1. Can you work out which of the residues in segment B:223-254 that are away from every other protein chain (no Cβ under 12 Å) and not small (G, A, S) is farthest from B:E265 (Cα to Cα)?
2. Within segment A:205-216, which residues are assigned to a loop (DSSP other than H, G, I, E, B), crowded, with 24+ Cβ neighbours inside 10 Å and away from chain B (no Cβ under 11 Å)?
3. Give just the number: which of (1) of a type outside the set (S, T, Y); (2) at negative phi; (3) in contact (Cβ under 8 Å) with a residue 12 or more places away in the chain does B:A185 not satisfy?
4. Go through (1) in contact (Cβ under 8 Å) with a residue 40 or more places away in the chain; (2) over 20 Å from A:F128 (Cβ atoms) one by one and return the number of the condition A:A178 breaks.
5. Scan segment B:255-285 for residues that are facing chain A (nearest Cβ under 9 Å) and small (G, A, S) and jot them down.
6. Looking only at residues in segment A:263-280 that are buried (at least 17 other Cβ atoms within 10 Å of the Cβ) and out of contact with any helix residue (DSSP H, G or I) (no Cβ under 7 Å at 6 or more places or on another chain), which one is modelled with the lowest pLDDT?
7. I need every pair where a residue in segment A:226-244 that is closer than 21 Å to B:G87 by Cβ and assigned by TED's automatic domain parsing to the domain that holds A:T159 has its Cβ under 6 Å from the Cβ of a residue that is modelled with pLDDT of 90 or more and part of a loop (DSSP other than H, G, I, E, B), sequence separation at least 6 or different chains.
8. Across segment A:277-322, which residue is farthest from A:L13 (Cα to Cα) among those that are away from chain B (no Cβ under 14 Å), of a type outside the set (A, V, I, L, M, F, W, C) and assigned to a loop (DSSP other than H, G, I, E, B)?
Amino acid sequence: MQFLDFEKPLEELFHQMDKLKEVHAKNDKVDVSNAIKELEDSIEITRAKVYEHLTPWQRVQLSRHPERPYTLFYISRLFNNFVEIFGDRQVKDDKAMVGGMAEIDGIPVMVLGQQKGTNTKSRQMRNFGMANPEGYRKALRMMKLAEKFNRPIITLIDTPGAYPGLEAEERGQGEAIARNLFEMTNLKVPVICIIIGEGASGGALGIGIGDKVAMLENTWYTVISPESCSSILWHNWENKEKAAEQLKLTSTDMKGFGLVDDVIPEPLGGAHAKPDEMATILKQYILGALKELTPINADKRINQRIDKFSKMGFYEDQVAHS
Amino acid sequence: MSTWFKRIKQGIQTATHEKKEAPDGVWHKCPECRTTATVKELEQHLYVCHKCGYHNRINSKEYFNIIFDEGSETLLFENIRPVDKLGFEDVKPYSKRIIDAQKATGLGDAMTVAAGKIEGQDLVVACMNFNFIGGSMGSVVGEKISRGIDYAIEHKMPFMIISKSGGARMMESAFSLMQMAKTSAKLTRLDKARLPYISFMTDPTTGGVTASYAMLGDINIAEPKALIGFAGPRVIKETIKRDLPDGFQRSEFLLEHGFLDFIVERKDLKARLSTTINWFMKATA
């Protein structure tokens, strides 16, 4: 297991647990069941304490936890009959964007999202979850396919940003994202978008226009990462924690601003501590959203979608419009 | 030694606020070829260098003068003003940045919208002001575009956005991100109304602006040599750790890669726009 800096008190307890189990493995005549029970209790108590008041920066850290479940994990746990499909039919297949046809509780849907790797090699293969233009075009192709066959769309968002590369610019990273925003607005089928990890800027929004946009509890979603914000506004990387606070990027803030529709609670200790429990909670949310959205007439749903995003923003209107 | 070169009076200094900078002064030096011209000449050349053709950055006031028939335009939605909802503070509070920018520019925010005539034809133009916090896209920019679209639909007029922006306004955090969604969503309504949307990109057009309304025109056009891209050149260079080719992310580069319909010099802008709008709007039997 890997522990974040603020999880240190937990690390010690898990370490003791490992030792106990080791002792037991060497000599099973030693009864350790009581000790294990006690340790388990204190792990839960410590966990509750550690997680009671997370700072925005700690939530950012959690959203990037190396053991956090990624898109393909949720696809394997929530869906049946998953048929992964590939390619944008123009340039290539973007490994940072995955998806395909699947069923959830017998309902055929299209599910897609950014995918991060789990070890050095696969992280590189997945380009750390940073899609190129072909990733966004691959996503759009899947979504148009879903629309054609009247299948709801579920997007799982987890990206540190769209890839800022030379070829990405040559092939129109800006155009690819812009096209998705426009086309997703017009999709005739229900669209549910869930931020499961990092929701960084246009790279996240590029698959994020939905009838329901939800965030898992320990995720972040805003226009820039705290590190880049610190680098631009303070001209150093030292103010990332301050930037995280100033940006108000947590799920609670975003829900409070009305910029996302729902916050999906995570198990105590975060999604990575109890991935299966997380999967169950997420599945319930998706099924609930599908039930709510599916009966709505397509044109009405599209208009509601446009109206929802049109209302976002704050400004003063000094003289009332006549 | 001759006393000619001897400084007799000591400590001659000019306070910063008394120093005149072009183009506020009399002379303007072209940042590209260093040719000097009087400010008056520059203005007559629509702020384009008469020698090398460099297009100096200008803002909504100058663009409206170039595009609209004299005195035909009306500014719209001027009452919409920015607010510091998040209480954002970096090295300077956002609320103070707003006031400072408003004082320095005489503008409400980085977006000015006007409706008027171009060679007798109707047109709604939403033009960004780079001099207002780097032309950054915040809630006011999004709302003014949104209302400009409503106005165009209501009056059955063509719509144009002149982009000139460093991207999203960080001090409005996720609200600025959502302006990408908001403007793109509203553009679908203009699309359904079958009214033309012309996206005109000028130096610079980057970040969230490129990744939303700037790239969604029925036609996308640009000024010569404008920087247009999603990621900034510095970020790309740091990411790929090699030098960027000459002309990378410039208008000509985008035209070559298929993302622009044409590049237009400022002096030809009004005529080209007028011809294009005529094609879109001309009534036929």
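1. So, considering only residues that are away from every other protein chain (no Cβ under 12 Å) and not small (G, A, S), the one farthest from B:E265 (Cα to Cα) is B:D246.
2. Kept after step one, since they are assigned to a loop (DSSP other than H, G, I, E, B), are these residues of segment A:205-216: A:206-211.
Still in the list and also crowded, with 24+ Cβ neighbours inside 10 Å: A:206-210.
Within segment A:205-216, A:I207 is the sole residue that qualifies.
3. (3)
4. Here A:A178 clears every test but (1).
5. Correct list: B:G258 only.
6. A:A273
7. Final answer for the pair search is A:S230/A:N239.
8. Of everything passing the filter in segment A:277-322, A:N297 is farthest from A:L13 (Cα to Cα).
The values are calculated or read from the model by the stated rules, or taken from the named source; none is laboratory data. Bear in mind that the values here come from a model prediction, so they are computed numbers and not experimental data. Quick reminder, even Gly has a Cβ in these numbers, built from the backbone with ideal geometry, and neighbours come from all protein chains shown.
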